[in-house]
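Reviewing the structure listed below.
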Amino acid sequence: MDLFEIVKENVNYFKGDDDAAMRLLVLYISSELIKGEKSIYHPYFSISSEDYLKGWDSKCLQMIENRGLMKAII
């Protein structure tokens with residue numbers, strides 16, 4: 001499923017409040033991380049610290065824990 005379809009099917013989750021833009025960013029970064037070496041951002045991810053998620057606040061981490069969205073990305 002492409003990202004547009006994920007957003008379309010979960011439109012209320014991705015609009016309407018101050019966190020909507022962050023949710024979109026988290027969705028996009030998560031989808032790129034899942035691509036691994038196929039991601040255009042792989043070189044950046046590969047030089048990033050292994051514990052780069054430690055810098056994310058709890059809201060961002062909760063967003064990537066949305067299992068329904070993660071299943072749709074994969």
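Residues of region 5-28 being within 11 Å of the chain's Cα centre (by Cα) and hydroxyl-bearing (Ser, Thr, Tyr), which ones? Correct list: TYR28 only. When residues in region 6-49 are screened for being in a helix (DSSP H, G or I), of a type in the set (D, E, K, R) and touching a residue at least 24 places away in the same chain (Cβ under 8 Å), 2 of them pass.
Computed from the coordinates by the stated procedures, all read-outs in this text should not be read as laboratory data. Remember, predicted model here, so these are calculated numbers, not experimental data. In this analysis, Cβ positions are derived from the backbone assuming ideal geometry, glycine residues included, and neighbour counts consider all displayed protein chains.
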